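Participant: Sharing a structure with you now.
The values are calculated or read from the model by the stated rules, or taken from the named source; none is laboratory data. Keep in mind that this is a model prediction, so the values were computed, not measured. With ideal geometry, Cβ positions are generated from the backbone for all residues, glycine too; neighbour counts draw on all protein chains shown. These area figures cover heavy atoms from the full protein model, side chains too; ligands, DNA and RNA do not enter into them. Shrake-Rupley method; radii C 1.70, N 1.55, O 1.52, S 1.80 Å.
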Amino acid sequence: MKIGIIGAGNIGGNLTRRLTALGHDVSVANSRGPHTLTALAEETGATAVPAEQAARDAEVVVVTVPVKAVPNLPSGLLDGAAKGVAVIDTGNYYPRERDGRLAEIEDEGLTESRFTERHLGHPVIKAFNGTYAQDILERPLPAGDPGRMALPVAGDDTAAKAKVRALIDELGFDTVDAGGIDDSWRQQPGTPVYGLQAGVEAVTKALAEASPDRTPDFRG
């Protein structure tokens, strides 16, 4: 499958490593330009491209940039993507540590992924946002293994969600359907499932126990 990854930090870099190892055709971009991704491209066989080209012909696009940077992504970012492209949003809102106060999230009450969706102009699937980057490399297990981790996945597009869940299964993790994007507060920072390294039953329970109220640490 052709996959575009926008953002080459810890999550983006490790997804590039795993997805290329699984045989996918990966294009990776960041905000500083492809010349800064030479080492990652040489290590993995991925193609380093400008952000404007990352989604070209891609069946899956991973957007893994700071939430505050989403409105500054190139306009028409997804125009050249394959029909039915699934867009994965891994983002988290950290108002105190990184993003500053974003009124659309704080005042309008948008979930982080609904904010991203609004600025991209395309539906997104929220996944990997509460996953430790190192787990992507170190914790995959075959289907049926009792120690296999499960990741929550939220989204409104049923076909795109199915595609993302299948890809996560290929990466070596189970998934739990966390509802639609308006329900994705259940996996935002400060919730019980955020950072949880556990299986389907525990992840399902943690999602059910989440509160829609942001904790003070995650309010601007």
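Participant: Being over 11 Å from the mean Cα position of the chain (by Cα) and either surrounded by 14 or more Cβ atoms within 10 Å (Cβ to Cβ) or of a type in the set (S, T, Y) (or both) is the filter here; which residues of the stretch 117-132 pass it?
Facilitator: Result: E117, R118, H119, L120, H122, P123, Y132.
Participant: Next up: Can you say whether P66 is within 20 Å of T116 (Cβ to Cβ), of a type outside the set (A, V, I, L, M) and over 13 Å from the mean Cα position of the chain (by Cα), as far as the supplied structure shows?
Facilitator: no
Participant: Hey, another quick one. Considering only residues that are free of Cβ contacts under 8 Å to residues at least 40 places away in the same chain and not small (G, A, S), which ones fall in the stretch 54-71?
Facilitator: Residues satisfying the conditions are P66, K68.
Participant: So L40 clears everything in (1) under 20 Å from K163 (Cβ atoms); (2) without any contact (Cβ under 8 Å) to a residue 40 or more places away in the chain; (3) open to solvent by less than 40 Å² (accessible area, probe 1.4 Å) except one condition, right? Which one?
Facilitator: For L40, the failing item is (1).
Participant: Would you be able to say whether some residue in the stretch 168-179 is of a type in the set (D, E) and either within 20 Å of I105 (Cα to Cα) or crowded, with 17+ Cβ neighbours inside 10 Å (or both)?
Facilitator: Checking the stretch 168-179: at least one residue is of a type in the set (D, E) and either within 20 Å of I105 (Cα to Cα) or crowded, with 17+ Cβ neighbours inside 10 Å (or both).
Participant: While we're looking at this one, here's another question. Of the conditions (1) of a type outside the set (D, E); (2) within 19 Å of I136 (Cα to Cα); (3) open to solvent by 40 Å² or more (accessible area, probe 1.4 Å), R186 clears all except one; give me its number.
Facilitator: (2)
Participant: Can you tell me how many residues within the stretch 172-202 are touching a helix residue (DSSP H, G or I) at 6+ places or on another chain (Cβ under 9 Å), assigned to a helix (DSSP H, G or I) and not basic (K, R)?
Facilitator: Number satisfying all stated conditions: 6.
Okay, residues lined up against (1) in contact (Cβ under 8 Å) with a residue 24 or more places away in the chain; (2) within 17 Å of V60 (Cα to Cα); (3) β-branched (V, I, T):
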residue	(1), (2), (3)
E108	no, no, no
R114	yes, no, no
E117	yes, yes, no
P123	yes, yes, no
T131	yes, no, yes
L137	yes, no, no
P140	yes, no, no
A143	yes, no, no
G147	yes, no, no
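Participant: OK, next. Residues N14, N72, N30: which one is of a type outside the set (A, V, I, L, M) and either in contact with a strand residue (DSSP E or B) (Cβ under 7 Å, 6 or more places away or on another chain) or open to solvent by 60 Å² or more (accessible area, probe 1.4 Å) (or both)?
Facilitator: Testing whether each residue is of a type outside the set (A, V, I, L, M) and either in contact with a strand residue (DSSP E or B) (Cβ under 7 Å, 6 or more places away or on another chain) or open to solvent by 60 Å² or more (accessible area, probe 1.4 Å) (or both) leaves just N72.
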